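The values are calculated or read from the model by the stated rules, or taken from the named source; none is laboratory data. Not measured: the values here are computed from a predicted model. Every residue, glycine among them, receives a Cβ derived from its backbone with ideal geometry; neighbour counts consider all protein chains shown.
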Amino acid sequence: MVNNRHAAGQAVPGIIFPAPAGTPAGLEVISLAALRARGTDLGAPQRPAFHQILTLASGTLCQTVDFTGHDVGRDSWLWTRPGQVVQWGDLARAEGTLIAFERDFPGAATVRAARLDDPHARVLRTPGGEAAASLRVAAAHLEHEFRSPGRLPLDAHGAVLRHLLEALVLRLAHPDGSDSRTTPPSETFLRFRATVERDFAHTRRVDDYALTLGYSARTLSRAALEAAGIGAKEFIDRRVILEAKRLLAHTDLAAARIADGLGFSSATNFAKYFHQRAGQPPIAFRTAVRGRVD
(Lines give C-alpha, C1' and ligand atoms only; values in the text may rest on other atoms or scores of the structure.)
Protein backbone atom coordinates (compact mmCIF):
# COMPACT_ATOMS: atom_id res chain seq x y z
CA MET A 1 0.00 0.00 0.00
CA VAL A 2 1.59 3.21 -1.19
CA ASN A 3 0.80 6.80 -0.28
CA ASN A 4 -0.07 9.06 -3.21
CA ARG A 5 -1.23 12.60 -2.40
CA HIS A 6 -4.23 14.05 -4.15
CA ALA A 7 -4.24 17.39 -5.92
CA ALA A 8 -2.73 20.46 -4.32
CA GLY A 9 -4.59 21.69 -1.25
CA GLN A 10 -5.72 18.25 -0.14
CA ALA A 11 -4.22 17.07 3.13
CA VAL A 12 -5.38 13.46 3.20
CA PRO A 13 -3.07 11.02 1.38
CA GLY A 14 -4.59 8.65 -1.11
CA ILE A 15 -3.44 5.04 -1.10
CA ILE A 16 -2.85 3.27 -4.39
CA PHE A 17 -2.73 -0.50 -4.68
CA PRO A 18 0.65 -2.06 -5.48
CA ALA A 19 0.96 -5.63 -6.75
CA PRO A 20 2.68 -7.74 -4.05
CA ALA A 21 5.73 -9.48 -5.55
CA GLY A 22 4.96 -12.93 -6.92
CA THR A 23 1.18 -12.63 -6.66
CA PRO A 24 -1.54 -11.72 -9.15
CA ALA A 25 -2.06 -7.98 -9.36
CA GLY A 26 -5.06 -6.63 -7.53
CA LEU A 27 -5.22 -8.70 -4.33
CA GLU A 28 -3.33 -8.76 -1.05
CA VAL A 29 -4.07 -10.77 2.10
CA ILE A 30 -1.99 -9.62 5.06
CA SER A 31 -2.05 -10.25 8.79
CA LEU A 32 -2.29 -7.31 11.15
CA ALA A 33 1.05 -8.41 12.64
CA ALA A 34 2.68 -8.07 9.21
CA LEU A 35 0.93 -4.74 8.70
CA ARG A 36 2.34 -3.46 11.98
CA ALA A 37 5.80 -4.67 10.98
CA ARG A 38 5.74 -2.50 7.87
CA GLY A 39 5.83 0.57 10.09
CA THR A 40 3.18 2.33 8.02
CA ASP A 41 1.49 5.26 9.78
CA LEU A 42 -2.14 4.16 9.75
CA GLY A 43 -3.24 6.51 12.53
CA ALA A 44 -3.69 9.44 10.16
CA PRO A 45 -6.74 9.61 7.86
CA GLN A 46 -6.20 7.98 4.48
CA ARG A 47 -8.35 7.44 1.41
CA PRO A 48 -7.64 4.04 -0.19
CA ALA A 49 -8.51 3.60 -3.85
CA PHE A 50 -9.44 -0.05 -3.29
CA HIS A 51 -11.64 -2.29 -1.16
CA GLN A 52 -10.56 -3.44 2.30
CA ILE A 53 -12.17 -6.22 4.35
CA LEU A 54 -11.02 -6.56 7.93
CA THR A 55 -11.67 -9.58 10.13
CA LEU A 56 -10.27 -10.15 13.62
CA ALA A 57 -9.09 -13.36 15.24
CA SER A 58 -8.73 -11.76 18.66
CA GLY A 59 -8.98 -8.41 20.42
CA THR A 60 -10.92 -5.34 19.35
CA LEU A 61 -10.23 -2.41 17.05
CA CYS A 62 -12.00 0.90 16.60
CA GLN A 63 -11.95 1.98 12.96
CA THR A 64 -13.18 5.40 11.85
CA VAL A 65 -14.78 5.47 8.42
CA ASP A 66 -16.06 8.79 7.08
CA PHE A 67 -16.17 10.30 10.60
CA THR A 68 -18.09 7.42 12.15
CA GLY A 69 -16.41 5.08 14.62
CA HIS A 70 -16.95 1.32 14.29
CA ASP A 71 -15.99 -1.18 16.99
CA VAL A 72 -14.69 -4.28 15.24
CA GLY A 73 -14.70 -7.51 17.23
CA ARG A 74 -14.19 -11.21 16.67
CA ASP A 75 -17.65 -11.71 15.13
CA SER A 76 -17.78 -8.60 12.93
CA TRP A 77 -16.46 -7.73 9.49
CA LEU A 78 -15.49 -4.22 8.39
CA TRP A 79 -15.73 -3.53 4.66
CA THR A 80 -14.50 -0.15 3.42
CA ARG A 81 -14.78 0.88 -0.19
CA PRO A 82 -12.74 3.03 -2.57
CA GLY A 83 -12.93 6.73 -1.75
CA GLN A 84 -13.99 6.36 1.87
CA VAL A 85 -11.74 8.07 4.41
CA VAL A 86 -10.34 5.54 6.87
CA GLN A 87 -8.49 6.05 10.14
CA TRP A 88 -7.15 3.00 11.93
CA GLY A 89 -7.33 2.41 15.66
CA ASP A 90 -4.63 0.88 17.85
CA LEU A 91 -3.35 -2.17 15.95
CA ALA A 92 -1.55 -3.45 19.04
CA ARG A 93 -4.90 -4.39 20.56
CA ALA A 94 -5.97 -6.83 17.85
CA GLU A 95 -4.86 -9.71 15.65
CA GLY A 96 -6.53 -10.57 12.41
CA THR A 97 -6.42 -10.34 8.64
CA LEU A 98 -6.83 -7.53 6.12
CA ILE A 99 -8.00 -8.46 2.62
CA ALA A 100 -7.36 -5.67 0.13
CA PHE A 101 -8.43 -5.87 -3.50
CA GLU A 102 -9.02 -3.66 -6.48
CA ARG A 103 -12.51 -3.25 -7.85
CA ASP A 104 -11.69 -5.10 -11.09
CA PHE A 105 -10.08 -8.15 -9.46
CA PRO A 106 -13.42 -10.02 -9.08
CA GLY A 107 -15.41 -10.82 -12.21
CA ALA A 108 -18.06 -8.46 -13.55
CA ALA A 109 -20.91 -10.69 -12.39
CA THR A 110 -19.59 -10.60 -8.83
CA VAL A 111 -19.12 -6.83 -8.97
CA ARG A 112 -22.84 -6.54 -9.73
CA ALA A 113 -24.12 -9.26 -7.40
CA ALA A 114 -22.02 -8.12 -4.43
CA ARG A 115 -22.81 -4.43 -5.11
CA LEU A 116 -19.14 -3.50 -5.06
CA ASP A 117 -19.90 -0.07 -6.54
CA ASP A 118 -22.44 0.86 -3.87
CA PRO A 119 -20.93 3.83 -1.95
CA HIS A 120 -23.71 3.56 0.64
CA ALA A 121 -23.22 -0.10 1.52
CA ARG A 122 -23.09 -1.06 5.17
CA VAL A 123 -19.57 -0.72 6.59
CA LEU A 124 -19.83 -3.04 9.60
CA ARG A 125 -21.50 -6.43 9.37
CA THR A 126 -22.04 -9.00 12.11
CA PRO A 127 -23.53 -12.16 10.62
CA GLY A 128 -24.33 -15.06 12.89
CA GLY A 129 -24.83 -18.81 12.83
CA GLU A 130 -23.96 -20.69 9.65
CA ALA A 131 -23.27 -17.44 7.78
CA ALA A 132 -20.49 -16.56 10.23
CA ALA A 133 -18.98 -20.03 9.98
CA SER A 134 -19.07 -19.96 6.17
CA LEU A 135 -17.34 -16.58 6.11
CA ARG A 136 -14.57 -17.85 8.40
CA VAL A 137 -13.98 -20.85 6.15
CA ALA A 138 -13.98 -18.68 3.02
CA ALA A 139 -11.50 -16.20 4.50
CA ALA A 140 -9.19 -18.94 5.80
CA HIS A 141 -9.19 -20.69 2.41
CA LEU A 142 -8.41 -17.42 0.61
CA GLU A 143 -5.56 -16.62 3.02
CA HIS A 144 -4.11 -20.13 2.68
CA GLU A 145 -4.10 -19.98 -1.12
CA PHE A 146 -2.65 -16.47 -1.17
CA ARG A 147 0.32 -17.69 0.90
CA SER A 148 0.91 -20.72 -1.35
CA PRO A 149 1.69 -19.20 -4.75
CA GLY A 150 4.24 -21.80 -5.90
CA ARG A 151 1.92 -24.79 -6.08
CA LEU A 152 0.16 -23.64 -9.26
CA PRO A 153 1.13 -21.72 -12.40
CA LEU A 154 0.63 -17.98 -11.81
CA ASP A 155 -2.43 -17.76 -14.08
CA ALA A 156 -4.08 -20.72 -12.37
CA HIS A 157 -3.16 -19.34 -8.96
CA GLY A 158 -4.78 -16.03 -9.89
CA ALA A 159 -7.95 -17.78 -11.06
CA VAL A 160 -8.21 -19.73 -7.79
CA LEU A 161 -7.74 -16.55 -5.76
CA ARG A 162 -10.35 -14.74 -7.82
CA HIS A 163 -12.93 -17.47 -7.24
CA LEU A 164 -12.18 -17.64 -3.52
CA LEU A 165 -12.44 -13.85 -3.14
CA GLU A 166 -15.71 -13.88 -5.06
CA ALA A 167 -17.11 -16.53 -2.72
CA LEU A 168 -16.13 -14.41 0.28
CA VAL A 169 -17.51 -11.07 -0.95
CA LEU A 170 -20.77 -12.63 -2.15
CA ARG A 171 -21.32 -14.26 1.23
CA LEU A 172 -20.45 -11.03 3.01
CA ALA A 173 -22.75 -8.97 0.77
CA HIS A 174 -25.64 -11.39 1.30
CA PRO A 175 -25.42 -12.84 4.81
CA ASP A 176 -28.50 -14.58 6.14
CA GLY A 177 -30.53 -13.72 9.21
CA SER A 178 -31.22 -10.21 10.52
CA ASP A 179 -28.12 -8.77 8.83
CA SER A 180 -29.48 -9.30 5.31
CA ARG A 181 -31.77 -7.07 3.30
CA THR A 182 -35.21 -8.63 2.94
CA THR A 183 -35.79 -6.88 -0.37
CA PRO A 184 -33.37 -5.18 -2.75
CA PRO A 185 -33.63 -1.40 -3.29
CA SER A 186 -36.13 -0.37 -5.92
CA GLU A 187 -35.02 0.75 -9.36
CA THR A 188 -36.42 4.19 -8.53
CA PHE A 189 -34.18 4.51 -5.49
CA LEU A 190 -31.11 3.19 -7.32
CA ARG A 191 -31.58 5.77 -10.07
CA PHE A 192 -32.14 8.51 -7.50
CA ARG A 193 -29.07 7.52 -5.49
CA ALA A 194 -26.85 7.45 -8.59
CA THR A 195 -28.12 10.87 -9.67
CA VAL A 196 -27.52 12.34 -6.21
CA GLU A 197 -23.96 11.00 -6.31
CA ARG A 198 -23.45 12.73 -9.63
CA ASP A 199 -25.27 16.01 -8.97
CA PHE A 200 -25.23 16.74 -5.23
CA ALA A 201 -22.73 19.58 -5.71
CA HIS A 202 -25.06 21.22 -8.22
CA THR A 203 -28.50 20.97 -6.64
CA ARG A 204 -30.05 20.04 -3.30
CA ARG A 205 -33.67 20.36 -4.49
CA VAL A 206 -35.74 17.19 -4.65
CA ASP A 207 -37.81 18.74 -7.45
CA ASP A 208 -34.70 18.99 -9.64
CA TYR A 209 -33.98 15.28 -9.21
CA ALA A 210 -37.61 14.43 -9.86
CA LEU A 211 -37.52 16.42 -13.11
CA THR A 212 -34.26 14.80 -14.21
CA LEU A 213 -35.51 11.28 -13.49
CA GLY A 214 -39.10 11.69 -14.62
CA TYR A 215 -40.68 10.96 -11.23
CA SER A 216 -42.67 13.05 -8.83
CA ALA A 217 -40.95 14.40 -5.73
CA ARG A 218 -43.34 12.31 -3.63
CA THR A 219 -42.29 9.14 -5.46
CA LEU A 220 -38.60 9.85 -4.79
CA SER A 221 -39.26 10.53 -1.11
CA ARG A 222 -41.24 7.31 -0.77
CA ALA A 223 -38.49 5.31 -2.51
CA ALA A 224 -35.79 6.84 -0.29
CA LEU A 225 -37.81 6.19 2.85
CA GLU A 226 -38.36 2.53 1.93
CA ALA A 227 -34.71 1.89 1.01
CA ALA A 228 -32.76 4.17 3.34
CA GLY A 229 -35.20 5.02 6.12
CA ILE A 230 -35.06 8.75 5.38
CA GLY A 231 -36.78 11.08 2.93
CA ALA A 232 -35.27 12.24 -0.35
CA LYS A 233 -34.30 15.69 0.96
CA GLU A 234 -32.56 14.22 3.98
CA PHE A 235 -30.74 11.76 1.73
CA ILE A 236 -29.42 14.60 -0.43
CA ASP A 237 -28.45 16.71 2.58
CA ARG A 238 -26.52 13.87 4.20
CA ARG A 239 -24.48 13.37 1.03
CA VAL A 240 -23.67 17.09 0.86
CA ILE A 241 -22.67 17.18 4.54
CA LEU A 242 -20.45 14.11 4.15
CA GLU A 243 -18.57 15.77 1.28
CA ALA A 244 -18.30 19.02 3.24
CA LYS A 245 -16.85 17.14 6.21
CA ARG A 246 -14.33 15.37 4.00
CA LEU A 247 -13.18 18.65 2.49
CA LEU A 248 -13.03 20.45 5.82
CA ALA A 249 -11.13 17.68 7.57
CA HIS A 250 -8.79 16.59 4.83
CA THR A 251 -8.03 19.67 2.74
CA ASP A 252 -6.76 23.16 3.46
CA LEU A 253 -9.43 24.78 1.29
CA ALA A 254 -11.08 27.86 2.75
CA ALA A 255 -14.73 27.50 3.71
CA ALA A 256 -15.66 29.91 0.91
CA ARG A 257 -13.95 27.64 -1.65
CA ILE A 258 -15.75 24.62 -0.27
CA ALA A 259 -19.06 26.47 -0.34
CA ASP A 260 -18.54 27.40 -3.98
CA GLY A 261 -17.54 23.87 -4.93
CA LEU A 262 -20.68 22.46 -3.32
CA GLY A 263 -22.97 24.87 -5.12
CA PHE A 264 -23.76 27.35 -2.34
CA SER A 265 -24.39 30.97 -3.26
CA SER A 266 -22.22 32.24 -0.39
CA ALA A 267 -20.00 31.08 2.44
CA THR A 268 -22.60 32.40 4.88
CA ASN A 269 -25.34 30.18 3.45
CA PHE A 270 -23.01 27.20 3.54
CA ALA A 271 -22.08 27.91 7.16
CA LYS A 272 -25.75 28.07 8.19
CA TYR A 273 -26.60 24.88 6.28
CA PHE A 274 -23.63 23.02 7.79
CA HIS A 275 -24.29 24.23 11.34
CA GLN A 276 -27.94 23.19 11.20
CA ARG A 277 -27.09 19.65 10.07
CA ALA A 278 -23.70 18.97 11.70
CA GLY A 279 -24.31 20.76 14.99
CA GLN A 280 -21.35 23.13 14.75
CA PRO A 281 -19.86 25.72 12.37
CA PRO A 282 -17.60 24.43 9.56
CA ILE A 283 -14.37 25.82 11.02
CA ALA A 284 -15.18 24.45 14.47
CA PHE A 285 -15.69 21.03 12.90
CA ARG A 286 -12.35 21.29 11.09
CA THR A 287 -10.56 22.29 14.31
CA ALA A 288 -12.15 19.47 16.32
CA VAL A 289 -11.43 16.74 13.75
CA ARG A 290 -7.85 17.79 13.15
CA GLY A 291 -7.30 18.00 16.88
CA ARG A 292 -8.40 14.37 17.22
CA VAL A 293 -6.02 13.11 14.56
CA ASP A 294 -2.90 15.14 15.41
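On the stretch given as region 251-288, residues that are within 25 Å of the chain's Cα centre (by Cα) and of a type in the set (S, T, N, Q) total 3.
Being surrounded by fewer than 19 Cβ atoms within 10 Å (Cβ to Cβ), assigned to a helix (DSSP H, G or I), outside the structural domain of Asp118 (by TED's automatic domain parsing) and without any contact (Cβ under 8 Å) to a residue 24 or more places away in the chain holds for only one residue in Lys272, Lys233, and it is Lys272. Restricting attention to region 178-194 and to residues that are at pLDDT below 85 and of a type in the set (Val, Ile, Thr), the residue that is surrounded by the fewest Cβ atoms within 10 Å (Cβ to Cβ) turns out to be Thr182.
Looking at this structure, is Tyr209 under 25 Å from the mean Cα position of the chain (by Cα), crowded, with 17+ Cβ neighbours inside 10 Å and of a type outside the set (A, V, I, L, M, F, W, C)? It is true that Tyr209 is under 25 Å from the mean Cα position of the chain (by Cα), crowded, with 17+ Cβ neighbours inside 10 Å and of a type outside the set (A, V, I, L, M, F, W, C). When Ala201 is tested against the conditions (1) closer than 26 Å to Arg115 by Cα; (2) touching a residue at least 60 places away in the same chain (Cβ under 8 Å); (3) in a helix (DSSP H, G or I), the lone failure is (3). Return yes or no: is Arg93 basic (Lys, Arg), touching a Ser or Thr at 6+ places or on another chain (Cβ under 8 Å) and crowded, with 18+ Cβ neighbours inside 10 Å? Criteria not met by Arg93. Each residue in region 153-177 was checked for being farther than 15 Å from Ala133 by Cα, outside any helix (DSSP H, G or I) and modelled with pLDDT under 85, and 0 of them qualify.
Taking the stated definitions as given, is Ala113 surrounded by fewer than 18 Cβ atoms within 10 Å (Cβ to Cβ), within 21 Å of the chain's Cα centre (by Cα) and modelled with pLDDT under 95? In short, yes. Evaluation of Leu142 against the conditions (1) among the hydrophobic types (A, V, I, L, M, F, W, C); (2) over 22 Å from Gly26 (Cβ atoms); (3) touching a helix residue (DSSP H, G or I) at 6+ places or on another chain (Cβ under 6 Å) shows that the sole unmet condition is (2).
Please enumerate the residues belonging to region 244-259 that are assigned to a helix (DSSP H, G or I) and out of contact with any helix residue (DSSP H, G or I) (no Cβ under 9 Å at 6 or more places or on another chain). Scanning region 244-259 gives a single hit, Arg246. With respect to the conditions (1) under 23 Å from the mean Cα position of the chain (by Cα); (2) farther than 25 Å from Arg286 by Cβ, Leu248 falls short on a single one, namely (2). Being over 26 Å from Glu145 (Cα atoms), in contact with a helix residue (DSSP H, G or I) (Cβ under 7 Å, 6 or more places away or on another chain) and in contact (Cβ under 8 Å) with a residue 12 or more places away in the chain holds for only one residue in Ala114, Ala44, Ala131, and it is Ala44.
Out of the residues in region 240-291 that are closer than 25 Å to Pro48 by Cα and among the acidic types (Asp, Glu), state the one that is modelled with the highest pLDDT. Among those residues, the one meeting the criterion is Glu243. Conditions: (1) surrounded by fewer than 18 Cβ atoms within 10 Å (Cβ to Cβ); (2) at pLDDT below 85. Arg47 meets all but one. Number of the miss? All conditions pass for Arg47, except number (1). Screening Thr97 with (1) hydroxyl-bearing (Ser, Thr, Tyr); (2) part of a helix (DSSP H, G or I); (3) touching a strand residue (DSSP E or B) at 6+ places or on another chain (Cβ under 8 Å) gives one miss only, at (2). All told, Thr287 falls short of being among the β-branched types (Val, Ile, Thr) and under 20 Å from Ala201 (Cα atoms). What is the one condition in (1) outside the structural domain of Ile99 (by TED's automatic domain parsing); (2) modelled with pLDDT of 95 or more; (3) under 21 Å from Ala108 (Cα atoms) that Leu211 does not satisfy? Result: Leu211 passes all but (3).
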